Amino acid sequence: MINYSIAMKLNPQKRNEPKKAYARAQCTEKMDINRFSEHIASHGSVYSRADIAAVLTLAVDCMREQLLNGTRIELGDLGDFSVSLKSTGAETAELFNPAVNITKVSVNWQPGERFTDLMEDAVFNAVPSRKVAQQVLKAIKAGETTVDFNADDAAASGTDDSETAGA
């Protein structure tokens, strides 16, 4: 299930138009490599969590090495990985100096077929924004029974101007 909240945002290409409501994904938890390895192992794998974590760690090291060598890595359903560069312009090609003009090296991920469209299998669950949830938690800790939200907070969370804490 994918949790989401609503955020009122301007369209950057149409700043003169009013804000519109957009969905923002809200993560429910974080999973480190050890927990992810444990999860993989729980799906009937003959390999232990430690074996899977070791392979994943080695895969990261090898992917980094190959990307720095200019290799495009194609991993089927997982997708393709390659580098992209951000740079500032030089007056001429002769004056271009990678140590000066290249300012960032990033990794591009082109999702494989199983990741290109998750809509068919996605289930959505509306939750308060992080800001609203923090305000409610703060009120609960302070022993308050109501929380006053400003208009943007209320619109973003789908609530009235005040909401009962803990509800």
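Just give me the residues in region 5-58 being closer than 18 Å to residue 131 by Cα and hydroxyl-bearing (Ser, Thr, Tyr), in sequence order.
Across region 5-58, the qualifying residues are 5, 22, 28.
Among the residues of region 57-76, is there at least one that is under 27 Å from residue 1 (Cβ atoms) and not acidic (Asp, Glu)?
First, the residues of region 57-76 that are under 27 Å from residue 1 (Cβ atoms): 75-76.
With not acidic (Asp, Glu) added as a condition, the list becomes 75-76.
Yes - at least one qualifying residue is present in region 57-76.
For residue 49, which of the numbered conditions (1) touching an Asp or Glu at 6+ places or on another chain (Cβ under 6 Å); (2) touching a residue at least 24 places away in the same chain (Cβ under 8 Å) fails to hold?
Condition (2) is where residue 49 drops out.
Restricting to region 145-167, name every residue that is modelled with pLDDT of 70 or more, out of contact with any strand residue (DSSP E or B) (no Cβ under 6 Å at 6 or more places or on another chain) and of a type outside the set (A, V, I, L, M, F, W, C).
145, the sole residue that qualifies.
Considering only residues of region 116-125 that are touching a residue at least 12 places away in the same chain (Cβ under 8 Å) and outside any strand (DSSP E or B), which is surrounded by the fewest Cβ atoms within 10 Å (Cβ to Cβ)?
Step one: list which residues in region 116-125 are touching a residue at least 12 places away in the same chain (Cβ under 8 Å), which gives 122-125.
Those left that are additionally outside any strand (DSSP E or B): 122-123.
Numbers: 122: 9, 123: 6.
Across region 116-125, the extreme among qualifying residues is 123.
Just one of (1) free of Cβ contacts under 8 Å to residues at least 60 places away in the same chain; (2) assigned to a strand (DSSP E or B) trips up residue 3, so point out which.
So the condition that residue 3 fails would be (1).
Kindly list, by first and then second residue, each pair from a residue in region 81-103 that is free of Cβ contacts under 8 Å to residues at least 12 places away in the same chain to a residue that is of a type in the set (Phe, Trp, Tyr) and in a loop (DSSP other than H, G, I, E, B), limited to pairs with Cβ atoms under 9 Å and residues at least 6 apart or on different chains.
Once the first residue is free of Cβ contacts under 8 Å to residues at least 12 places away in the same chain and sits in region 81-103, its partners that are of a type in the set (Phe, Trp, Tyr) and in a loop (DSSP other than H, G, I, E, B) give 90/96.
Any idea which of 38, 74, 29 is acidic (Asp, Glu), under 24 Å from the mean Cα position of the chain (by Cα), within 24 Å of residue 118 (Cα to Cα) and at pLDDT below 95?
On the way: 38 fails: at pLDDT below 95; 74 fails: at pLDDT below 95.
The match here is 29.
Which of the residues spanning region 63-115 are assigned to a helix (DSSP H, G or I) and loosely packed, with under 11 Cβ neighbours inside 10 Å? It would help to see each step written out before you state the result.
Narrowing region 63-115 to residues assigned to a helix (DSSP H, G or I): 63-68, 76-78, 98-101, 113-115.
Those that are assigned to a helix (DSSP H, G or I) and loosely packed, with under 11 Cβ neighbours inside 10 Å: 65, 68, 76, 77, 98, 99, 113.
Might you let me know whether region 126-144 holds any residue that is surrounded by 12 or more Cβ atoms within 10 Å (Cβ to Cβ), at pLDDT 90 or above and not charged (D, E, K, R)?
yes
I'd like to check something: does region 14-24 contain any residue that is of a type in the set (A, V, I, L, M, F, W, C), out of contact with any Phe, Trp or Tyr (no Cβ under 6 Å at 6 or more places or on another chain), free of Cβ contacts under 8 Å to residues at least 60 places away in the same chain and surrounded by 11 or more Cβ atoms within 10 Å (Cβ to Cβ)?
Scanning region 14-24, I find no residue that is of a type in the set (A, V, I, L, M, F, W, C), out of contact with any Phe, Trp or Tyr (no Cβ under 6 Å at 6 or more places or on another chain), free of Cβ contacts under 8 Å to residues at least 60 places away in the same chain and surrounded by 11 or more Cβ atoms within 10 Å (Cβ to Cβ), so the answer is no.
The values are calculated or read from the model by the stated rules, or taken from the named source; none is laboratory data. Small disclaimer: the values here were computed from a predicted structure and weren't measured. For neighbour counting, all protein chains shown are included, and Cβ atoms are generated from backbone atoms with ideal geometry for every residue, glycine included.
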